[in-house]
Amino acid sequence: MAQERQDAIRLLTQDHREVEALFEKFEKASRDGTKEKLARQICTELKVHTMIEEEIFYPALRGKIDDDDLDEALVEHDGAKVLINDIEAGEPSDDFYDAKVKVLQEEIEHHVKEEEKQRDNIFSQARKTDVDLDALGEQMAARKAELMRQAETSGLPPAQPATLTQEA
């Protein structure tokens, strides 16, 4: 199946819209089975999204846009990963399950705002660089497809923090 070519920012923006729609469906769901399915789908989408940003998008921009913005984005990812791992380890009957999904939604909404909606956001900064966003988008789309196949076949590992202090 041939996919329409899209630059890196369009791909990430599309991911944002898809996850927002999933959160909306979760809010309206009443059956535990539906909630669990949607929560797992949200977690998978977010794990793949953070992986392609951290492996490909952010490194390509490091030193070309405000590094503090990239650092903040990575820390935000790590906060979301804690919730993702908790949600994946739980089930809708658990205490705080819905609350964890809601807080994850709020964290993602904040993160999306900083990437694409607020003034001088990460995406607008990226568009002003010499980074080939089309080539980056192709690379990210290929990695995303690979990770989605892995999610469907063997599953993705728990989300790993990106900002752990590493000892030399």
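Tabulated results
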| item | result |
| --- | --- |
| Matching residues, segment 91-104, being assigned to a helix (DSSP H, G or I) and either within 21 Å of T163 (Cα to Cα) or of a type in the set (S, T, Y) (or both) | Y97, V103, L104 |
| Segment 71-92, subset out of contact with any Leu (no Cβ under 8 Å at 6 or more places or on another chain) and hydrophobic (A, V, I, L, M, F, W, C), residue nearest to K28 (Cα to Cα) | A89 |
| Residue satisfying condition, being part of a helix (DSSP H, G or I), closer than 22 Å to P157 by Cα, in contact with a Pro (Cβ under 6 Å, 6 or more places away or on another chain) and not β-branched (V, I, T), within set E88, E53, E36 | E36 |
| Which listed residue is surrounded by fewer than 18 Cβ atoms within 10 Å (Cβ to Cβ), touching a helix residue (DSSP H, G or I) at 6+ places or on another chain (Cβ under 6 Å) and of a type outside the set (S, T, Y), from E116, E146 | E116 |
| Residue list for segment 110-128, filter: free of Cβ contacts under 8 Å to residues at least 60 places away in the same chain and either closer than 21 Å to K25 by Cβ or assigned to a helix (DSSP H, G or I) (or both) | H110, H111, K113, E114, K117, S124 |
| Complete set of residues in segment 61-75 that are surrounded by fewer than 19 Cβ atoms within 10 Å (Cβ to Cβ) and in a helix (DSSP H, G or I) | D67, D68, D69, D71, E72, L74, V75 |
| Residues satisfying the stated conditions in segment 122-140, i.e. of a type outside the set (D, E, K, R), within 13 Å of T13 (Cβ to Cβ) and surrounded by fewer than 17 Cβ atoms within 10 Å (Cβ to Cβ) | S124 |
| Matching option when the condition is over 11 Å from the mean Cα position of the chain (by Cα), small (G, A, S), modelled with pLDDT of 95 or more and within 26 Å of K128 (Cα to Cα), among A8, A21 | A8 |
| Which numbered condition A99 misses (of (1) modelled with pLDDT of 95 or more; (2) out of contact with any Gly (no Cβ under 9 Å at 6 or more places or on another chain); (3) buried (at least 16 other Cβ atoms within 10 Å of the Cβ)) | (3) |
| Filtered residue count, segment 13-39, keeping only those that are touching a helix residue (DSSP H, G or I) at 6+ places or on another chain (Cβ under 7 Å) and of a type outside the set (G, A, S) | 11 |
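The values are calculated or read from the model by the stated rules, or taken from the named source; none is laboratory data. It should be emphasised that the depicted structure is a prediction, and the values quoted were computed from it without experimental measurement. A quick note on method: Cβ atoms are made from the backbone with ideal geometry, for glycine too, and the neighbour counts reach across all protein chains shown.
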